[in-house]
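Read the figures in this text as sums done on the coordinates, not as results from a lab. Every value quoted in this text rests on a predicted model; they were computed, and no experiment measured them. Virtual Cβ from ideal backbone geometry, glycine too; neighbours counted across all protein chains shown.
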Amino acid sequence: MATLAPAADTNVPLEAIDVSDALFYATDSWRPVFARLRQEAPVHFQPNSPFGPFWSVTRHADIQAVEARPDIFSSDMKYGGITVLDQVGEINRPQFIAADRPYHGEQRRVIAPAFGPGEMAKMAQSIRLRTAELLDGLPFGEEFNWVQRVSIPLTTDMLAILFDFPWADRHLLTFWSDIAGDIEMALNPETAAKSVQHGREMLAYFDRLFAQRKALPPTNDLISMMVHSESMGNMPDQERIGNLILLIVGGNDTTRNSMSGMVAAFDRYPEQWRKLITEPAKIAGAVPEIIRWQTPLAHMRRTCVADSEIAGVPVKAGDKIVMWYISGNRDESVFPDAERFDIERANARRHLSFGFGVHRCVGARLAELQIQILLEQMLERRMTVRVTGQPEHVVQCFVHGYTNLPVTIERH
Ligand code: HEM
């Protein structure tokens, strides 16, 4: 496990700051260090992190500027991919999130229609039913972990429904998603070997599932749609599986941590919840503000492929560039009083949690729909959720969220 970051002390020299240190996130103490970087060194170099040397880009405008130049700042797995941890090794199958044009655009175009407004409208009903059923099973006046009882099952079950993933095995989606998103595992040889082993098991499982679906007549689930669609029918199996894993893993702990972050946010700003109780129409504005405030993925990474500059700071071909969305979403020049959770924030939609530019999250509408329905169903049941114990945070700098959020529900 990482040691306590010296940069938690705001007086240390700038060059000692390492925002990849997991303890900033485990202890929820990341705010001051990013405020300092935005102010004093918005494009900052860390030469000695456990993930190797990297640049941090921390201002909203500079992050957008990097994302707007995908030909210079590459997502390609062959340079290391999309997290501060270099994506190398046998278990990484081609995925369009970790690819550049033209491959990226071709693959994305095939999958994007499954997440269009028409498809979302069709999915809304099954999401609503599942959410209602889950909320109806929750105890009132008794403390429980919101992450385990609500955020994880809602997100995992929804993905299992959308993909018609074998129901009895759906806990595997949670398990694999947690492993795939845990970049700290690679830093320790023992956990790194475990991660590779579980990656192999996941690939073998998906290989079998794909073969089974291919042999059956087409149905409405996303795997069947992928297997039987004309354009995806021409995709080699390796790529189809890589992209399926991306959809399942990409949509899992991100949406989960929005659902947890939302409870923490309303607990800290109870007047915002009261506002929603009196005016449920404000849910539409609350959803992007929840996603901004939580920022379920703290960063995405690019690799510079030609000498260039970011905000006037020279960067070289081969340099690792980490865009800290968690910081861009607290940039006061875009979001005044940025730490405040405000469901009426006029420009909440400018958040960077879904990225920006050609790779902007393809599942954004689905994530928003799930959060919207969860809020609607909670209000319908007159449920007010209070945080009643010490929250525990995910111990790493990529997935940003909670492992334990003790809560109690009251009827309002
Ligand atoms: C609140 C929930 C979510 C968050 C915060 C989130 C965040 C992100 C981010 C930051 C990116 C990369 C953007 C970039 O590199 O510029 C991304 C891409 C992606 N996300 Fe999401 N995501 C969420 C939900 C989902 C869901 C529900 C799905 C699907 C089931 C999904 C599937 C994808 C895919 C396929 C990509 C790759 C897009 C591309 O490279 O063109 N995400 N997401």
Problem - Nitroxide proxy distance, nm - points 7 Å out along Cα→Cβ at V313 and K194 - result: 3.5 nm
Exercise for the section: Go through segment 329-334 residue by residue and turn each phi into a ³J(HN,Hα) via Karplus (6.51, -1.76, 1.60, θ = phi - 60°); whole Hz please, and just put x for glycine and proline. Expected result: 6, 10, 6, 5, 6, 10
Practice task
Any chance you could run the full-extension gain for A211 through S29? It's 0.36 nm times the residue separation minus the Cα-Cα distance, nm to one decimal.
Solution key: 60.9 nm
Completion exercise
quick note, the chain, DSSP beta bridge pairs, % antiparallel (nearest 5) is 90 percent
Practice task
Name the residue, out of V362, V33, V110, whose mean-square fluctuation peaks in a Gaussian network model built on the chain with Cα pairs under 10 Å.
Solution key: V110
Handout entry: Derived scalar couplings ³J(HN,Hα) [segment 387-401; Karplus, 6.51 cos²θ - 1.76 cosθ + 1.60; whole Hz; x for Gly, Pro]
Key = 7, 10, x, 6, x, 10, 9, 5, 9, 5, 9, 10, 6, 10, x
Fill in the blank from the handout: Residues other than M383 with Cβ under 14 Å of its Cβ, Lys/Arg counted +1 and Asp/Glu -1, net out at 0
Practice task
Mind sorting C361, C304 by how few other Cβ atoms lie within 10 Å of their own Cβ, fewest first?
Solution key: C361, C304
Handout entry: Net length gained if the chain between V88 and A284 were fully extended (0.36 nm per residue, minus Cα distance)
Key = 66.6 nm
Practice task
Please report the Cα spread of segment 31-98 along all three principal axes, rounded to whole Å, starting with the longest.
Solution key: 40, 28, 19
Practice task
Mind listing the long-range amide H neighbours of Y402? Cut-off is under 5 Å, sequence gap 5 or more, other chains count too, H placed in the peptide plane at 1.01 Å from N.
Solution key: V394
Problem - Theoretical ellipticity at 222 nm over the chain - DSSP helices of four or more residues, -39500 (n - 2.57) apiece, nearest 500 - result: -13500 deg cm²/dmol
Practice task
Using a Förster distance of 45 angstrom, determine the FRET efficiency expected from the C-beta separation of E339 and E201, and round it to 0.05.
Solution key: 0.65
Handout entry: Listed residues A168, A193, A132, most fluctuating in the chain (Gaussian network, C-alpha, under 10 Å)
Key = A168
Practice task
Pop a pseudo-label 7 angstrom from the Cα along the beta-carbon direction at both H228 and S126 and give the gap in nm to one decimal.
Solution key: 1.4 nm
Handout entry: Length-normalised contact order for the chain - Cα pairs under 8 Å, 6+ apart - percent
Key = 26 percent
Fill in the blank from the handout: The summed charge of the M300 Cβ neighbourhood (under 12 Å; Lys/Arg +1, Asp/Glu -1) stands at +3
Fill in the blank from the handout: With the dipole of the chain defined by +1 on each Lys or Arg Cβ and -1 on each Asp or Glu Cβ, the option from H171, I241, M123 whose Cα lies farthest towards the positive pole is M123
Exercise for the section: With a point put 7 Å past each Cα toward its Cβ, work out how far R360 is from T219 in nm, to one decimal. Expected result: 3.4 nm
Exercise for the section: Pull out the extension gain between R381 and R349, defined as 0.36 nm times the separation in residues minus the alpha carbon to alpha carbon distance; nm, one decimal. Expected result: 8.8 nm
Exercise for the section: Provide the per-residue ³J(HN,Hα) series for segment 357-363, in order, calculated from phi with Karplus coefficients 6.51, -1.76, 1.60 and θ = phi - 60°, each as a whole number of Hz, with x at glycine and proline positions. Expected result: x, 5, 9, 3, 3, 7, x
Completion exercise
About its Cα centre, segment 6-411 carries a charge dipole, from +1 on Lys and Arg Cβ atoms and -1 on Asp and Glu Cβ atoms, whose size in debye to the nearest 20 is 820 debye
Completion exercise
Here D for the chain, in µm²/s, from Stokes-Einstein with a Kirkwood Rh over Cα pairs at 20 °C and 1.002 mPa s, works out to 98 µm²/s
